[in-house]
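Chemist: This is the structure I want to talk about, given as structure tokens.
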Amino acid sequence: MKNKGNKVFCIVPAAGVGARMQTSIPKQYLGFRQSTVLDVTLSRLLGSQLIDKLVIVIQGNDEYWPNSRFFAHEDIVVANGGAQRADSVLNGIHAIKHLVTTGDWILVHDAARPCVKVSDIEILIDTCIRRESGAILATRINDTVKQELAEGSVNTLDRSNLWRALTPQMFKADELEQALDNARRSGTVVTDEASAIEQINKPVHIVEASADNIKITEPADLDLADFYINQQEK
């Protein structure tokens, strides 16, 4: 489905340091499949014909980005990162404000999710445009989930309506900017874009996606991500 004349921009927050990876190099720049985690992620996003332009949000003193094979790519805009993820995404929106018109959309995708499938990205885009409403990729929670009430006391939650939120997440550009700005001004901590949208009482739909869209968080995740991509390529 073509996007009815409205543009789709994709913001990639890549200003984090990834402390849990226990390395001096930010996790998005770790070596991965003859490239880096970030470059593999960007190649997936650039593989979709439905995305008009990417915004990579990095630290102002980032010494690794110039080594990316996408450093001079004509469809990538660079913006400076903020203190928190939400700040970085908002900075990314501001960097393309002159390109955004009424009705345009913004996808946000984690730099450390290199296994995302182009097909899942495009199903998400099609769903949002068809419904004229924001949505996120997510997978069902299959494990039994426990809620700790007190030490030695737990409650088993009904997992039938529980989902694990993934990225990309896609919303109307003006609504996402408003939501993130509201969160910043109120001091509300939001862990993803959907959290911010929920705070302004806008709907968030769920699009079921492949469970192999994992986030690189710990060293062992690199091997797992490599395995998943090998399986995808088969």
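Chemist: Among the residues of segment 130-153, are any in contact with a strand residue (DSSP E or B) (Cβ under 7 Å, 6 or more places away or on another chain), open to solvent by 70 Å² or more (accessible area, probe 1.4 Å), touching a residue at least 24 places away in the same chain (Cβ under 8 Å) and not in a strand (DSSP E or B)?
Modeler: Yes, because at least one residue in segment 130-153 is in contact with a strand residue (DSSP E or B) (Cβ under 7 Å, 6 or more places away or on another chain), open to solvent by 70 Å² or more (accessible area, probe 1.4 Å), touching a residue at least 24 places away in the same chain (Cβ under 8 Å) and not in a strand (DSSP E or B).
Chemist: Given (1) closer than 21 Å to Gln178 by Cβ; (2) touching a residue at least 40 places away in the same chain (Cβ under 8 Å); (3) among the charged types (D, E, K, R), where does Lys97 come up short, assuming only one miss?
Modeler: (2)
Chemist: Go through the residues of segment 105-119 one by one and say whether even a single one is of a type outside the set (Ser, Thr, Tyr), touching a strand residue (DSSP E or B) at 6+ places or on another chain (Cβ under 6 Å), more than 13 Å from Val8 (Cα to Cα) and part of a helix (DSSP H, G or I).
Modeler: No, segment 105-119 contains no residue that is of a type outside the set (Ser, Thr, Tyr), touching a strand residue (DSSP E or B) at 6+ places or on another chain (Cβ under 6 Å), more than 13 Å from Val8 (Cα to Cα) and part of a helix (DSSP H, G or I).
Chemist: To continue, here is another question. Could you tell me which of the residues Ala209, Ala196, Ala173, Ala165 is modelled with pLDDT of 95 or more, small (Gly, Ala, Ser) and under 17 Å from Glu132 (Cβ atoms)?
Modeler: Step by step, each of Ala209, Ala196, Ala173, Ala165 is checked, and only Ala173 is modelled with pLDDT of 95 or more, small (Gly, Ala, Ser) and under 17 Å from Glu132 (Cβ atoms).
Chemist: Read through the list (1) open to solvent by less than 50 Å² (accessible area, probe 1.4 Å); (2) in contact (Cβ under 8 Å) with a residue 60 or more places away in the chain, then give the number of the only condition that Tyr228 fails.
Modeler: (1)
Chemist: Looking at segment 45-82, which of its residues are part of a helix (DSSP H, G or I) and within 18 Å of the chain's Cα centre (by Cα)?
Modeler: Leu45, Leu46
Chemist: Something else now. If a residue must be assigned to a loop (DSSP other than H, G, I, E, B) and open to solvent by 80 Å² or more (accessible area, probe 1.4 Å), how many such residues does segment 183-201 contain?
Modeler: So the answer is 3.
Chemist: Look through segment 51-61, keep the residues that are touching a residue at least 40 places away in the same chain (Cβ under 8 Å) and surrounded by fewer than 19 Cβ atoms within 10 Å (Cβ to Cβ), and return whichever of them is nearest to Leu38 (Cα to Cα).
Modeler: Only one residue fits best here, namely Gln59.
Chemist: Please go through segment 160-182 and give me each residue that is in a helix (DSSP H, G or I) and among the aliphatic types (A, V, I, L, M), ordered by number.
Modeler: Once the filter is applied, which keeps residues that are in a helix (DSSP H, G or I) and among the aliphatic types (A, V, I, L, M), segment 160-182 yields Ala173, Leu176, Ala179, Leu180.
Chemist: Looking at segment 105-124, I want the residues that are on the phi < 0 side of the Ramachandran plot and open to solvent by less than 10 Å² (accessible area, probe 1.4 Å) and have a partner that is part of a helix (DSSP H, G or I) and of a type in the set (Phe, Trp, Tyr) with Cβ atoms under 8 Å, at least 6 apart or on another chain. Which pairs are those?
Modeler: Here the result reads Cys115/Tyr228, each pair linking segment 105-124 to a residue that is part of a helix (DSSP H, G or I) and of a type in the set (Phe, Trp, Tyr).
Chemist: Another one. Of all residues in segment 87-104, which are among the small types (Gly, Ala, Ser) and assigned to a loop (DSSP other than H, G, I, E, B)?
Modeler: Gly103
The values are calculated or read from the model by the stated rules, or taken from the named source; none is laboratory data. Worth saying up front: this structure is predicted, and the values here are computed from it rather than measured. Please note: Cβ atoms are built from the backbone with ideal geometry, for glycine as well, and neighbour counts cover all protein chains shown. The protein model used for the area step is the full one, side chains on, heavy atoms only, and it has no ligands, DNA or RNA in it. Shrake-Rupley method; radii C 1.70, N 1.55, O 1.52, S 1.80 Å.
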